[in-house]
Amino acid sequence: MSLRIIFAGTPAFAVPCLRAAARYDEVVAVYTQPDRPAGRGRALTASPVKQEALQRGIEVLQPETLKKQVSRDALRALEPDLMIVVAYGLILPQSILDIPKYGCWNVHASMLPRWRGAAPIQRAIEAGDTETGVCLMQMEKGLDIGPVLLSQSLAIGEHDTGGQLHDKLSELGAQVLSDGLGLLRAGIVPVARPQPEDGATYAHKLDKHEAKLDWSQPATMLANKVRAFNPWPVAEAELAGERVRIHGAVALAVAHGKTPGMVLAAGRDGIDIACGDGALRIRALQRAGGKTITAADYLNARRDLVSL
C-alpha cells in the first residue's frame, strides 16, 4: 500500500529523509520552520527542506506553532497516515501526535537513550564516544523518550568531525527510515521497544561560547572539542598572543611540565601547545578575517614561533 505522509523537518540533515519518504509514498505536505535571515545580507532564506520540497512540487506549510486549533485542523484535513519528523525545531503537542493513523515517527541521530536533545552528533564526539547511530522512534510527549522502532549503529572515526559525522548519520537516517516505511507499506508495523531506563544523557544545544578552549584542560578533551565544533561554532583559542580559530588538531600524550598555553614546538607537522595533561598539536587554523590554512603556512607569517 502507498502511504499518505506528512514530513516535518528544517535543516540539511533532514533532506535525505525527505527524499526517502517521497521515493515510494505520497508526501502530501511538508512542514518546516519559517524563512529566516541568513548570509551577510540577512535576506530571508528558505530552509534546505523547503527548497527540496518546492523542487518536488510538494505543498509547504510554515506555521510559527503547532499548538493552535487552526494547526490541528489543517493537519487533520490532510488525512495523513504518518507524520515523519526530522530535526523540525518545533514541539509537537499530543493533539498533533494523535492525528496521523500511525502516529509520528522521529529520526534521531544517536543510540537512544544516550544523547537525547538538540546536538547529539557533536556531543557524542565531544564526549569521546566511539560509537553512535540512528534511531527511528515512535514519538510521545516529551523529549526523545518514545519507544524505538528500528536502529542502526555507526562507529565514530578517530578523526571524524561534527560535519563529517553529520553527513554520515544523515544518510544512515534515510536508510533506517526507508526500512521502516518498507515494513509499514507491507502491512507490518515495526515493534516499538521502550528505551532503557539507564544510560540517558542530554545533548544540550551548541553555544558559541563553548568554542573557547581552556588550555588547562586535558589535550584529549580539547582535541574532541575541535572535532565536535567543526564546522560550527569552530574551536578558538589564544595562540602566542593571537586569537585564532582551530579547525584541525590532535592530542599528544607527552609530559612537559610547562604552563598550559605555552608553545612547546612549532614545525611542518603542527604547533604543539601545552595543556593541563599532554599537548594539543594544531594542524589547521584560521586567523581573524582569513581563510583556513595549515600550521606550516601559519608559521610562514609567525617566524617568531619556529625557534621556540
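Some notes on this structure:
- Between the beta carbons of A118 and R4, assuming R0 = 30 Å, the FRET efficiency works out to 0.55 to the nearest 0.05.
- Straight-line cross-link partners of K168 among the lysines, defined as a Cα under 21 Å from its Cα and at least 8 positions apart when in the same chain: K205, K225.
- If you take all other residues with their beta carbon under 11 Å from the beta carbon of R4, and give Lys and Arg +1 and Asp and Glu -1, the sum is -3.
- Applying the criteria of a DSSP loop state and at most 10 other Cβ atoms within 10 Å to the trypsin sites (Lys or Arg not before Pro) of the range 1-96 yields R40, R42.
- Positive-pole candidate from T292, L305, P218, dipole of the range 208-306, charges at beta carbon: T292
- Here the dipole of the chain is about 720 debye; that uses its Cα centre as origin and unit charges on the Cβ of Lys and Arg (positive) and Asp and Glu (negative).
- Taking the DSSP beta bridges with both ends in the range 4-203, the antiparallel portion is around 45 percent.
- Amide H contacts for E140 (H built 1.01 Å from N in the peptide plane; partners 5 or more residues away or on another chain; cut-off under 5 Å): I145, G146.
- Extension gain, K68 to I188: 0.36 nm times the residue separation minus the Cα-Cα distance gives 39.9 nm.
- Selection of GluC sites (Glu not before Pro), the range 12-68, meeting DSSP coil and at most 14 other Cβ within 10 Å: E59, E64
- FRET efficiency for the pair H204 and A12, taken as 1/(1 + (r/R0)^6) with r the Cβ-Cβ distance and R0 = 22 Å, rounds to 0.55.
- Annotation note: trypsin sites (Lys or Arg not before Pro) in the range 254-308 located in DSSP loop regions with a Cβ neighbour count of at most 15 within 10 Å are K258, R268, K291.
- With distances taken between every two different alpha-carbon atoms, the range 158-199 has a Kirkwood hydrodynamic radius of 12.7 Å.
- The range 244-306: C-alpha gyration tensor shape, a/c 1.5 cut-off, then a/b vs b/c: prolate
- Ranking H166, I91, I58 by how far each Cα lies toward the positive end of the dipole of the chain (charges on Cβ) leaves I58 at the top.
- A Förster radius of 22 Å combined with the Cβ-Cβ distance from A288 to L154 puts the calculated FRET efficiency at roughly 0.05.
- Intensity falloff of the range 199-241 expressed as log10 I(q)/I(0), Debye formula with alpha-carbon point scatterers, at q = 0.19, 0.32 Å⁻¹: -0.62, -1.19
- Among (i) 17.7; (ii) 15.8; (iii) 18.8, the entry derived from the coordinates for mean projected area of the Cα convex hull in nm²: (i)
- The residue among L280, W232, G257 whose Cα reaches farthest toward the positive pole of the charge dipole of the range 208-306, with charges on the beta-carbon of Lys, Arg, Asp and Glu, is W232.
- Residues H159, H256, H209, H108, arranged from fewest to most other Cβ atoms within 10 angstrom of their Cβ, appear as H209, H159, H256, H108.
- Dividing the summed -39500 (n - 2.57) terms of all DSSP H runs of n ≥ 4 by the residue count of the chain sets its mean residue ellipticity at 222 nm at -7500 deg cm²/dmol.
- Global geometry of the range 44-183, whether rounded, prolate or oblate, following the gyration tensor of its Cα atoms and the 1.5 cut on a/c: prolate
Just so you know, all these numbers are worked out from the coordinates, no wet-lab data involved. For clarity, every value in this text was computed on a predicted model and none was experimentally measured. All Cβ positions, even for glycine, are placed from backbone atoms using ideal geometry, and neighbour counts span all protein chains on display.
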